[in-house]
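The values are calculated or read from the model by the stated rules, or taken from the named source; none is laboratory data. Given the structure is predicted, the values throughout are model-derived calculations rather than measurements. Positions of Cβ are backbone-derived with ideal geometry, glycine not excepted, and every protein chain shown enters the neighbour counts.
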Amino acid sequence: MFALSTPSRVQILGYLLSGSHTVSDIMDALEMEQSAVSHQLRVLRDQQLVTVQQDGRARVYTLYDDDVVALVEGALRHVERRTRGTKLAGRLKRASG
């Protein structure tokens, strides 16, 4: 799946497993620039993997539905097994924890 082909998108999806978050939350948690987070969220929204709600001036992102939650959990397990002991594994664990 195209949307899961970029580590930063997988990290964002993993972080959203913990619940709804704003762009600022995601930026802080994943140590990413606002422009990068916004770009990746646009891709995820276009692929119907996340939804967005306006809360005042903030945009709050959530995983699209339970099927997406299951997909992300499975993808993270797969990546974790394949990358055990690498830098990527640590970043993914931090994002989903």
Condition set in contact with a Ser or Thr (Cβ under 7 Å, 6 or more places away or on another chain) and among the aliphatic types (A, V, I, L, M), scope the stretch 12-29, selection surrounded by the fewest Cβ atoms within 10 Å (Cβ to Cβ): answer is 17
Of all residues in the stretch 42-69, which are modelled with pLDDT of 95 or more and of a type in the set (Gly, Ala, Ser)?
none
Looking only at the stretch 13-27, count every residue that is closer than 21 Å to residue 70 by Cβ and out of contact with any helix residue (DSSP H, G or I) (no Cβ under 6 Å at 6 or more places or on another chain) and tell me the total.
5
Here the qualifying pairs (Cβ atoms under 7 Å; residues six or more apart or on different chains; first in the stretch 1-14 and without any contact (Cβ under 8 Å) to a residue 60 or more places away in the chain; second of a type in the set (D, E, K, R) and assigned to a helix (DSSP H, G or I)) come out as 3/9
Which condition number does residue 26 fail, the rest of (1) more than 20 Å from residue 76 (Cα to Cα); (2) without any contact (Cβ under 8 Å) to a residue 40 or more places away in the chain being met?
(1)
Residue identified as at pLDDT below 90 and under 15 Å from residue 5 (Cα atoms) among 39, 78:
78
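Would you tally the residues in the stretch 30-68 being in a helix (DSSP H, G or I) and either among the β-branched types (Val, Ile, Thr) or surrounded by fewer than 17 Cβ atoms within 10 Å (Cβ to Cβ) (or both)?
13
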